[in-house]
Amino acid sequence: MAAPVYATPADLTAYCAPGTSPQGVGERQLREASAQVDEMLLTAIYDVDSEGKPTAPHVVEALKNATCAQALHVNTYGDEVEIRETSGPVALGPLSLGGRQSAGSPGAGSSVPVWAPRAVAFLRAEGLIVGPVQT
């Protein structure tokens, strides 16, 4: 069974402010963002259909919004490896990831979390994340 994808390019366009559809975010990035959302939901319990997709409308919406937020986050800051290499230590609750930085790095001097804070907020608001997000 293929991993579920929680958002479409049309969902992403609707998620963004009018006229601000991001460049470089397509089906592949949404598929990867969906997998990252699945990683955030490692211990979450919710009903799914035979394809592994959520069935409750509020969960469907939360996963769609979290996927869009994560795809935009990765589009802006890079993937997990790029974030770790260009930022200082990253912390989200008790999760802490070390990082490298160089004077010329885009993230030098700043801390960029691997998980989009908005994605975590959407999932937490629906009770899908009740503890710390861990990798």
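Just a few scattered comments:
- For the range 17-31, filtered to residues that are at pLDDT 80 or above and buried (at least 16 other Cβ atoms within 10 Å of the Cβ), the residue that is nearest to THR76 (Cα to Cα) is VAL25.
- Filtered by the rule that a residue be part of a loop (DSSP other than H, G, I, E, B) and under 15 Å from VAL5 (Cβ atoms), the range 40-71 gives LEU41, ASP49, GLU51, GLY52, LYS53.
- Pairs meeting the criteria (first residue in the range 58-79 and closer than 15 Å to LEU41 by Cβ, second residue of a type in the set (Ser, Thr, Tyr), beta carbons under 7 Å, at least 6 apart or on different chains) are VAL59/TYR46; LEU63/TYR6; LYS64/TYR6; ASN65/TYR15; THR67/TYR6; THR67/SER34.
- Residue in the range 57-70 that is at pLDDT below 90 and of a type outside the set (A, V, I, L, M) present: no
- If you go through the range 9-39 and keep only what is assigned to a loop (DSSP other than H, G, I, E, B) and more than 14 Å from the chain's Cα centre (by Cα), you end up with CYS16, ALA17, PRO18, GLY19, THR20, SER21, PRO22, GLN23, GLY24, GLY26.
The values are calculated or read from the model by the stated rules, or taken from the named source; none is laboratory data. Computed from a prediction, not measured in an experiment: that's the story for all the values here. Please note: Cβ atoms are built from the backbone with ideal geometry, for glycine as well, and neighbour counts cover all protein chains shown.
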